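To start, the structure under review is shown below, and the notes come after it.
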C-alpha cells in the first residue's frame, strides 16, 4: 500500500493514513509553511496549514505523506539542517514521478 495506490484511487486517503499509522491535523501556521510531518510515540502526525486552498491542502498532504513513504522521518540526525532541501526536493520529485506514472 502506497501513494501510487492512493493516486490511482485503489485506496482512500484514510486507508493510507491507517497503513502509515498517521493522522492529519489542520492548524494555523505561518504563511510560509504549508505543512510538516513528524513522528511522536509511533504516530506520524501530518500538520497542514488550514489557511491553504483545498487544492493546496491536498498537494501538501501528498508531499508530507511522501516524506513518510520515503522513510525520511527516520533519517533525521545531527546533519538534518544540511539535508532538509534535499528531503524536500526528493518528496516533490517522488510525487511528480507518481503522477506521471498514473
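Values computed for the structure shown
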quantity	calculated
Beta bridge orientation in the chain: antiparallel %, DSSP, nearest 5	50
Order of 95, 61, 45 - criterion: other Cβ atoms within 10 Å of each residue's Cβ, fewest first	45, 95, 61
When the convex hull of its Cα atoms is projected in every direction, mean area for the chain (nm²)	6.7
Protection proxy ranking of 21-32, 63-74, 5-16 - average other beta-carbon atoms within 10 Å, highest first	63-74, 5-16, 21-32
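Here, each number is a calculation from the coordinates, and none is a lab measurement. Just so you know, these numbers come straight off a predicted model, no measurement behind them. Glycine gets a Cβ as well: all are built from the backbone with ideal geometry, and neighbour counts include every protein chain shown.
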